[in-house]
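For reference, the structure is listed below as structure tokens.
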Amino acid sequence: MKIERTVNLDKELKNVKTVGIAGHIRPDGDAVGSCVGLYWYLRQNYPEIQVTVYLEKIPESYHMIAGTDEICHDYSEEKVYDLFFSLDCADEKRLGDGVKYLNTAKRTICIDHHISNAGFADLNCIYPDASSTSEIVFNLLDEDKITFESAEALYMGIVHDTGVFRHSCTSPETMEAAAKLMRFGVRCSKIISDTYYDKTYYQNQILGRALLESVLLLDGKIIFSAVRQREMEFYGVKPSDLDGIVQVLMGTAGVEAAIFLYETAPQEFKVSLRSRETVDVAKIASYFGGGGHVRAAGCTMQGSVYDVVNNITYHMEEQICQEKNGD
Ligand SMILES: [Mn+2]
């Protein structure tokens, strides 16, 4: 999969004095990596341009990446940007409060890899087959103008969205991009350990609890687990501390798809879905008003745990049976 340089940065930045960059709400490694990677590239190569990155609060461990301390978490300023980048957002809503800068900016560019992205900016650069938005951003930059700071941020983004080069979205081009970034001297092992694998004691405790209470369905082809608000309170964890649980569930041998729920309000759950080969979870998540990728997607659903799991399982079962019949 070749990423074309459909965004000519030199041309786009002509006469531009202010740039706003924003990623999705509850930012993950790719949202942060792509935003901060682009931020450094612009700051270091176009020093006359004022660049602001808007993201919600990020995990503490990401602060090993330079520039993350300069991220603006306050969206109260009314500012009209000459150019605004939306990164790693499947739709405008995912920008959260940052959407107002998209709406008012003189020109907007959307760079993303979500299959459900319909293209909401003036210029859209969407590659559903790319591992990460960070990989796309890397391809839009002049390699000889990339610096260590930008390289570290983009490397983190690629590492996170590929699950450390493990998910099927990892292509030869992804590895080539990562190899090129390594040559800038990025701290590969440290970025992988500190920002991806390391968990706090309490994150591990709630993970253990979720695994202990997980249930196999459909002859062991589907696994699900749920965490309720009272459990989150007991362990003193926030929703972001639950990231990665669904991936561990998915690591159960023989399982085709994993469902992880956590309670956001009474009778309301945030649903994370993962699949190995047969199930298109993006399709299921969009059916329930969410979105994502074929192998990783999510949505919010109402009802009891059992209502939610039954509804999702019904769609998964349909897809698994269809596959078996060779349709
Ligand atoms: Mn991403």
Residue match in the stretch 300-311 (condition: among the charged types (D, E, K, R), touching a helix residue (DSSP H, G or I) at 6+ places or on another chain (Cβ under 6 Å) and open to solvent by 50 Å² or more (accessible area, probe 1.4 Å)):
no
Quick one: in the stretch 2-37, of everything that is touching a strand residue (DSSP E or B) at 6+ places or on another chain (Cβ under 6 Å) and of a type outside the set (Ser, Thr, Tyr), which residue is farthest from the ligand (Cβ to nearest atom)?
Val16
Of (1) within 15 Å of the ligand (Cβ to nearest atom); (2) surrounded by fewer than 18 Cβ atoms within 10 Å (Cβ to Cβ); (3) not in a loop (DSSP other than H, G, I, E, B), Phe85 satisfies all except one. Which?
(2)
Residues of the stretch 212-231 being touching a helix residue (DSSP H, G or I) at 6+ places or on another chain (Cβ under 7 Å) and in a helix (DSSP H, G or I), in sequence order, are Leu218, Glu231
Scanning for something at pLDDT 95 or above, within 14 Å of Ile115 (Cβ to Cβ) and under 23 Å from the mean Cα position of the chain (by Cα), does the stretch 298-311 turn up at least one residue?
yes
Please indicate, with yes or no, whether at least one residue in the stretch 142-149 is among the aromatic types (Phe, Trp, Tyr) and away from the ligand (no atom under 14 Å from the Cβ).
yes
Restricted to the stretch 239-278, and to residues that are of a type in the set (Gly, Ala, Ser) and within 14 Å of Gly298 (Cβ to Cβ), which residue is surrounded by the fewest Cβ atoms within 10 Å (Cβ to Cβ)?
Ser240
Condition test on Glu233, is it acidic (Asp, Glu) and surrounded by 13 or more Cβ atoms within 10 Å (Cβ to Cβ)?
no
Could you please find all residues in the stretch 38-61 being open to solvent by less than 10 Å² (accessible area, probe 1.4 Å), away from the ligand (no atom under 15 Å from the Cβ) and either within 18 Å of Leu95 (Cα to Cα) or modelled with pLDDT under 95 (or both)?
Val53, Tyr54
Might you let me know whether the stretch 51-64 holds any residue that is in a loop (DSSP other than H, G, I, E, B) and either among the small types (Gly, Ala, Ser) or within 25 Å of Glu4 (Cβ to Cβ) (or both)?
no
Kindly provide the set of residues from the stretch 184-211 that are in a helix (DSSP H, G or I), polar (S, T, N, Q) and over 19 Å from Thr133 (Cβ atoms), ordered by number.
Ser189, Ser193, Gln203, Asn204, Gln205
If a residue has to be open to solvent by less than 60 Å² (accessible area, probe 1.4 Å), under 23 Å from the mean Cα position of the chain (by Cα) and not aliphatic (A, V, I, L, M) to count, how many in the stretch 184-230 make the cut?
8
Going through Ala66, Ala105 one at a time, which residue ends up being open to solvent by less than 30 Å² (accessible area, probe 1.4 Å), of a type in the set (A, V, I, L, M) and in contact (Cβ under 8 Å) with a residue 60 or more places away in the chain?
Ala105
Total residues in the stretch 168-178, condition in contact (Cβ under 8 Å) with a residue 40 or more places away in the chain and surrounded by 17 or more Cβ atoms within 10 Å (Cβ to Cβ):
4
Out of the residues in the stretch 132-141 that are open to solvent by less than 30 Å² (accessible area, probe 1.4 Å) and assigned to a helix (DSSP H, G or I), state the one that is nearest to the ligand (Cβ to nearest atom).
Thr133
What residue, among those in the stretch 111-126 that are away from the ligand (no atom under 13 Å from the Cβ) and crowded, with 18+ Cβ neighbours inside 10 Å, is nearest to His160 (Cα to Cα)?
Cys125
Quick check on Leu181: is it open to solvent by less than 30 Å² (accessible area, probe 1.4 Å), in a helix (DSSP H, G or I) and either modelled with pLDDT under 95 or within 30 Å of Val237 (Cα to Cα) (or both)?
no
Scanning the stretch 107-130 for residues that are of a type in the set (D, E, K, R) and over 15 Å from Ala296 (Cβ atoms) gives Arg107, Asp122
For the stretch 314-327, state whether one or more residues are within 30 Å of Tyr62 (Cα to Cα) and open to solvent by 50 Å² or more (accessible area, probe 1.4 Å).
no
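The values are calculated or read from the model by the stated rules, or taken from the named source; none is laboratory data. Source: prediction; values computed, not measured. Neighbour counts run over all protein chains shown; Cβ positions are idealised from the backbone, glycine included. Heavy atoms of the whole protein, side chains included, go into the accessibility calculation; ligands, DNA and RNA do not. Shrake-Rupley method; radii C 1.70, N 1.55, O 1.52, S 1.80 Å.
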